[in-house]
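S.K.: Take a look at the following structure, please.
What follows is calculated from the coordinates using simple rules that are stated; it is not laboratory data. On a predicted model such as this, the values are computed, not experimentally measured, just so you know. With ideal geometry, Cβ positions are generated from the backbone for all residues, glycine too; neighbour counts draw on all protein chains shown.
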Amino acid sequence: MFTRVCKAETLAEGCFRLVIADSHLIVLAWPDNGEVKAFQGVCPHSNAPLNEADFDGTVLTCPLHNWKWDLSSGAPVEPQESALAEYPVKIEDGVVYIDTEGVTPLFAAP
């Protein structure tokens, strides 16, 4: 079931924001030259929220330990530990919706 999270106009290309859908903290991103994507909003290493993360338009960097992910795919860039869980996204009539059903955040092995 898709949940309304924000208006599409509140997200610019090359930027990200955190949203909440069904109690899930989610990074909503529009990578440069890409499509709007949604990934878990907590670091798989520390479980810290990624609201203070740095985003260069492609790579998201956690502010705590500099873990990095490619937000075109959620794949880890450095270190190669854990991907970010991806959520289905749809945009209809200028509104962004995210489906959280069956998606669980991923965490790196301790």
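S.K.: So which GluC sites (Glu not before Pro) in the stretch 6-74 end up in coil per DSSP with only 15 or fewer other C-beta atoms within 10 Å?
M.R.: Glu13, Glu35, Glu52
S.K.: Would you tally the net charge around Gly41, using a Cβ to Cβ cut-off of less than 14 Å, leaving Gly41 out, and scoring K and R as +1, D and E as -1? Before the final figure, lay out each step's value.
M.R.: Details: positive: Arg17, Lys37; negative: Asp22, Glu52, Glu86.
Net charge around Gly41: -1.
S.K.: Can you tell me the relative contact order of the chain? Whole percent, Cα pairs under 8 Å, sequence separation 6 or more.
M.R.: Value for the chain: 28 percent.
S.K.: For the pair Asp22 and Asp54, how long in nm is the line joining their label points, each one 7 Å along Cα→Cβ?
M.R.: About 3.5 nm, to one decimal.
S.K.: Go ahead and collect, in residue order, the members of the stretch 20-55 whose backbone nitrogen is under 20 Å from a label point 7 Å along the Cα-Cβ direction of Glu81.
M.R.: What the label zone holds, given the 20 Å backbone N cut-off, is 25-27, 39-55.
S.K.: Stretch Cys6-Ile91 to full length: gain in nm at 0.36 nm per residue minus the Cα-Cα span?
M.R.: Answer, rounded to one decimal: 29.6 nm.
S.K.: For the residues Ser73, Ser23, Ser82, what sequence is obtained by ranking on other C-beta atoms within 10 Å, fewest first? Working shown, then result.
M.R.: Details: Ser73 14, Ser23 6, Ser82 20.
Least to most surrounded, the residues fall as Ser23, Ser73, Ser82.
S.K.: Tell me the net charge near Asn66. Cut-off is 11 Å between Cβ atoms, Asn66 excluded, with +1 for each Lys or Arg and -1 for each Asp or Glu.
M.R.: With Lys, Arg at +1 and Asp, Glu at -1, the neighbours total -1.
S.K.: How about the stretch 1-107: which trypsin sites (Lys or Arg not before Pro) there are in a DSSP loop, with at most 16 other Cβ atoms within 10 Å of their Cβ?
M.R.: Qualifying residues, ordered by number: none.
S.K.: Which distance in nm do the two modelled labels at Ser72 and Glu101 give, with both placed 7 Å along the Cα-to-Cβ direction?
M.R.: Rounded to a tenth, the inter-label distance reads 3.1 nm.
S.K.: Shape verdict for the stretch 2-99, please, from the Cα gyration tensor: rounded (a/c under 1.5), prolate (a/b greater than b/c) or oblate.
M.R.: Working: a/c = 1.94, a/b = 1.51, b/c = 1.28.
Prolate.
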